[in-house]
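Asks: Please see the structure below; I have some questions.
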Amino acid sequence: MSRSGLYRGVASLALAPILLSVAGAARPERPVPRVTPKFDPVAETSLLMDGLNQANYRSLEKLLKQKPADADTWSFVRGQSLLIAETGNLLLLRPPRSGGADAWNQDAMDLRVAAASLARKAGDRDYEGSVAGLGKVASVCNRCHETFRVATHVGPDAGAD
Ligand code: HEC
């Protein structure tokens, strides 16, 4: 098993409750001094790729092989799409030091848009729209990989690893 295999399965919907609980946090009772948020990337980009993008993308490919039969599967598809969209936000914190920040930021935002649109199709239980949406997500993955000379190809013709 590749090193990256270790991370798969840890990701996907395991993160969803954490994200939701933060979003739904109540206003604090005690007075807090004004804080300016400072974003500070901590994980390697390759970890986000393996643990979030690839893990969720691969699962979506499997889940959308045929039309999901029940509400749980559709909500899983929606949730995994949103985790890829959110990864687009995390990628915005990590433009490559070697240059190409504009292309990077555009691709990261395109990933967010494509994956959020897929999530909406899944929310509507639109199977054809979801399959097309997953194809658009894959093309953003591949565009960024080509621009930054990453050998990984994403999609149905990517082969197994
Ligand atoms: C904004 C640019 C960008 C986008 C969008 C992007 N990637 Fe990547 N990806 C990279 C870069 C850069 C690397 C190389 C990271 C490294 O090795 O440090 C990479 C590496 C990878 C790897 C190899 C990780 C490893 O073990 O080294 C996989 C798998 C991967 N990406 C999957 C995806 C998938 C799936 C998507 C879309 C859902 C995606 N990527 C979208 C830039 C991107």
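Asks: From the backbone phi of region 97-102, what are the Karplus-calculated ³J(HN,Hα) couplings (6.51 cos²θ - 1.76 cosθ + 1.60, θ = phi - 60°) in whole Hz, Gly and Pro given as x?
Replies: Working through the residues one at a time gives 5, 7, x, x, 4, 5 Hz.
Asks: Still on this structure: So what's region 69-122 giving for Rg/Rh, alpha carbon basis, Kirkwood Rh from the mean inverse pair distance? Could you put the intermediate results ahead of the total?
Replies: Working: Rg = 13.4 Å, Rh = 11.7 Å.
Radius of gyration over Kirkwood radius for region 69-122 works out to 1.15.
Asks: Over the Cα atoms of region 43-155, compute the convex hull volume and normalise it per residue, giving Å³. Intermediate results must be reported in sequence, preceding the final value.
Replies: Numbers: hull volume 9.3 nm³, N = 113.
Value for region 43-155: 83 Å³ per residue.
Asks: Where the eigenvalues come from the Cα gyration tensor of region 31-100, what are the semi-axes √(5λ) of the equivalent ellipsoid, largest first, in whole Å?
Replies: Details: eigenvalues 189, 69, 14 Å².
Those come to 31, 19, 8 Å.
Bear in mind that the values in this text are calculations on the coordinates, not laboratory data. Keep in mind it's a predicted model, so treat the numbers as computed, not measured.
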